[in-house]
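Asks: Okay, here's the structure, questions in a sec.
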Amino acid sequence: MTVDIRVVVADPMKDRTEFRMLVLHGPEAESAQKIYRVISANVLNMRSSPDSSAPVVSRLARGSFVRVLRLEGEWCKALTPDGLEGWVAAQYVAGIE
């Protein structure tokens with residue numbers, strides 16, 4: 001027997017809004033704004049290495065937050081809130097406003 005349990009958040013934007021406000025206005029806002037970014041593309045491939053032909057490890061939706069770990073040319077090494085690490089095209093990673 002297989003049981004499939006799904007948790008649905010009543011307001012999926014609530015956590016994003018709270019995080020955004022913390023980054024912009026929290027006690028460590030100045031340093032937080034340097035390392036946290038938001039995905040600006042509709043869907044952005046997160047890859048295993050900084051190469052457009054590298055395997056896709058995840059797809060990030062517009063509005064997703066990431067922590068910038070490193071910049072390398074046109075690529076950004078990023079960490080998602082759920083701990084997934086990979087490379088994304090830097091042109092689609094924007095400052096949080």
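Asks: Considering only DSSP states other than H, G, I, E and B, which GluC sites (Glu not before Pro) in segment 42-92 qualify as loop sites with at most 15 other Cβ atoms within 10 Å?
Replies: Sparse-neighbourhood loop GluC sites (Glu not before Pro): E74.
Asks: Any chance you could run the full-extension gain for S48 through L84? It's 0.36 nm times the residue separation minus the Cα-Cα distance, nm to one decimal.
Replies: 11.9 nm
Asks: Additional query: Give me the one-decimal nm value for the distance between modelled label points at K34 and R62, 7 Å along each residue's Cα-to-Cβ direction.
Replies: Reported label-point gap for K34 and R62 is 3.1 nm.
Asks: Name the trypsin sites (Lys or Arg not before Pro) in segment 46-97 that are in a loop by DSSP and that have at most 15 other C-beta atoms within 10 Å, would you?
Replies: Answer in residue order: R62.
Bear in mind that the values in this text are calculations on the coordinates, not laboratory data. Since we're looking at a predicted model, the values are computed, not measured. Here the Cβ is made from the backbone with ideal geometry for all residues, glycine too, and neighbour counts use every protein chain on show.
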